[in-house]
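Colleague: Handing you a structure now.
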Amino acid sequence: QVRLVESGGGLVQAGGSLRLSCAASGIPLALIAMDWYRQAPGKQRDLVARIASDDSRTYADFVKGRFTISRDNAKQTVHLQMNSLELEDTAVYYCHVSYGRDFWGKGTLVTVSS
């Protein structure tokens with residue numbers, strides 16, 4: 001059974017940092033790509049970052065240079081380090097994997113205040 005559990009969200013001031021984690025079970029994390037998405041109130045869910053099985057990374061333009069995705073295969077965990085947070089980064093952040101079908105975590109809320 002595939003399970004994705006996000007953690008690390010919270011309230012942070014603009015310019016601050018947070019580190020999100022996604023604990024995965026039921027999948028061979030080392031062999032597949034993992035994604036972070038986000039959804040702000042009233043907006044669509046957008047891809048934030050992806051890390052492939054070969055550790056190549058892609059980022060949305062709106063987070064390039066500020067966010068870093070990484071993986072710890074031994075711990076079955078994917079992280080999203082978020083620096084220089086902006087008000088517009090306020091959203092629920094979701095972990096996603098495509099493994100036969102799409103699997104999503106329940107999300108973790110990030111709120112950036114001024």
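The values are calculated or read from the model by the stated rules, or taken from the named source; none is laboratory data. As the structure is a prediction and not an experimental result, all values here were calculated from the model. Neighbour counts run over all protein chains shown; Cβ positions are idealised from the backbone, glycine included. Please note that ligands, DNA and RNA were not included when accessible areas were found on the heavy atoms of the full protein model with its side chains. Shrake-Rupley method; radii C 1.70, N 1.55, O 1.52, S 1.80 Å.
Colleague: Search region 26-39 for residues that are closer than 13 Å to V2 by Cα and pair each with any residue that is surrounded by fewer than 21 Cβ atoms within 10 Å (Cβ to Cβ) and charged (D, E, K, R) when their beta-carbon atoms are under 7 Å apart and the residues are at least 6 apart or on different chains.
Modeller: Partner pairs satisfying both residue conditions: G26/R3.
Colleague: Okay, next question. Starting from region 1-14, take each residue that is open to solvent by 40 Å² or more (accessible area, probe 1.4 Å) and list its partners that are of a type in the set (V, I, T), counting only C-beta distances under 7 angstrom and pairs at least six apart or across chains.
Modeller: Matching pairs, first to second residue: S7/T108; L11/T111; A14/V112.
Colleague: Next up: Of the residues that sit in region 40-94 and are without any contact (Cβ under 8 Å) to a residue 60 or more places away in the chain and of a type in the set (D, E), which one is surrounded by the most Cβ atoms within 10 Å (Cβ to Cβ)?
Modeller: Among those residues, the one meeting the criterion is D89.
Colleague: Going by what's in this entry, would A74 be described as in a helix (DSSP H, G or I), out of contact with any helix residue (DSSP H, G or I) (no Cβ under 8 Å at 6 or more places or on another chain) and either at pLDDT below 95 or hydrophobic (A, V, I, L, M, F, W, C) (or both)?
Modeller: yes
Colleague: For residues in region 99-110 being in a strand (DSSP E or B) and farther than 13 Å from G8 by Cβ, which is least open to solvent (accessible area, probe 1.4 Å)?
Modeller: F103
Colleague: Among the residues of region 20-38, which ones are touching an Asp or Glu at 6+ places or on another chain (Cβ under 9 Å) and at pLDDT below 95?
Modeller: Passing the criteria: only L29.
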